[in-house]
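Asks: One structure is given below, represented as structure tokens, and several questions about it will come after.
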Amino acid sequence: MLVNMTKYVKTASQSDTIVPAFNVFGYEDAFAVIRAAEKFHAPAILMSNSDSVEHMDLKHSAALYRSLGEATDIPVSIHLDHAKTFELILRGVEAGYTSVMYDGSALSLEENIENTQEVIELAEKHNISVEAELGSVPYIDRNEEVKSILTSPEEAGIFTRKARVNGLAVAVGSLHRMQTRRAKLDFNRIVEIEHNTDVPLVIHGFSGIIAGDIKRLCSTTVGKVNIGTELRLTFGNSLKSEIELNPDEFDRVKLFKKPMKAVQDAVEEKYRLLGWEEKE
Ligand SMILES: [Zn+2]
């Protein structure tokens, strides 16, 4: 069933579970994410990032993911990640995304609040949930100095009083696109942010967070984590080995079988790590 993410992310933020959100790029990984989530009777969040938006028009990705979401009993949200312009948000809304992230993290606090308020106004009309970002989670693979602007707890309070978002992405030590687990989270900062806002927190750059910190994160008010790199690695590496093992195979449907299963297994592992129990 298709839903926005408001309710279940709030519930997760108040419990010892976190809802994982996955960047997906087409049928194969979206299908695998939903099959995995069904085992836990958990919500599934399918996200389109900027690479995906470039690869496939939002109209097509929304139609595909909506149809997958409508075909299952678990709650499924289709989330447009890191939209930096109102124009892109509007396109996402019109295409049928049930949730959007407005990323005004590079702007001043005032501008970020103002733009987020506009997005909330639009989203409310369409029953869509809104995530915003405060502070900046850097990208490790971009040709820029890896500079993290950690979220100020005080600004988090000001921001969420003025812009009532359904999730606030905070910069607390994680990095985008890390291929190994090396990032340590600043839990003191998380606690301070929690004191200043009742909005569920969102962590981007999950693939790089060290194992010990993940368990600890479940008892905070973090309600959603974004996972991208790990699934891309899983799919890509599995596909590479399939091609090497079957040099004469040309049928993509056959070559995709094992990578899809590998992605499903990896997603199931994430649900377990984030406090979910299998129901079957
Ligand atoms: Zn992100």
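Asks: Under a point spin-label approximation (7 Å from Cα along Cα-to-Cβ), what is the residue 184-residue 1 distance to one decimal in nm?
Replies: 4.4
Asks: Which whole-number percent gives the relative contact order of region 6-273, counting Cα pairs below 8 Å spaced six or more residues apart?
Replies: Answer for region 6-273 is 21 percent.
Asks: Now a separate question. Using 0.36 nm per residue of separation minus the Cα-Cα distance, give me the extension gain between residue 254 and residue 277 in nm, one decimal.
Replies: Once the chain is fully extended between residue 254 and residue 277, it gains 5.2 nm.
Asks: Among 66, 164, which comes first, second and so on when ranked by fewest other beta-carbon atoms within 10 Å?
Replies: Ranking 66, 164 by Cβ neighbours within 10 Å, fewest first, gives 164, 66.
Asks: If I model a spin label at residue 56 and residue 71 as a point 7 Å from the Cα along the Cα→Cβ vector, what separation in nanometres do I get?
Replies: Distance between label points: 1.3 nm.
Asks: Arranged from highest to lowest average of other beta-carbon atoms within 10 Å per residue, in what order do the peptides 268-277, 106-115, 15-24 appear?
Replies: Sorting 268-277, 106-115, 15-24 by mean packing, highest first, produces 15-24, 268-277, 106-115.
Asks: For a protection proxy built on the mean count of beta-carbon atoms within 10 angstrom, sort 236-249, 174-187 highest first, please.
Replies: 174-187, 236-249
Asks: Just from its helices, what would the mean residue ellipticity at 222 nm be for the chain, if runs of 4 or more DSSP H residues each count -39500 (n - 2.57) and the sum is divided by every residue, rounded to the nearest 500 deg cm²/dmol?
Replies: -15000 deg cm²/dmol
Asks: Of the residues 81, 251, 103, which exhibits the maximal mean-square fluctuation in a Gaussian network model of the chain defined by a 10 Å Cα contact cut-off?
Replies: Its mean-square fluctuation being the largest, the pick is 251.
Asks: Okay, moving on. Once label points are set 7 Å from the Cα along Cα→Cβ at both residue 142 and residue 117, what is their separation, rounded to one decimal in nm?
Replies: 2.7
Asks: Each residue of region 181-197 in turn: what ³J(HN,Hα) in whole Hz from Karplus with 6.51, -1.76, 1.60 and θ = phi - 60°, glycine and Pro shown as x?
Replies: 7, 10, 8, 9, 8, 8, 5, 4, 5, 4, 4, 5, 5, 4, 5, 9, 8
Asks: What is the distance in Å between the Cα centres of region 247-280 and region 33-69?
Replies: Value for the Cα centre distance between the two parts: 15 Å.
Each value in this text was obtained by applying a stated rule to the coordinates, not by laboratory testing. None of these values were measured; they are calculated from a predicted model. All Cβ positions, glycine included, derive from the backbone under ideal geometry; neighbour counts span all protein chains shown.
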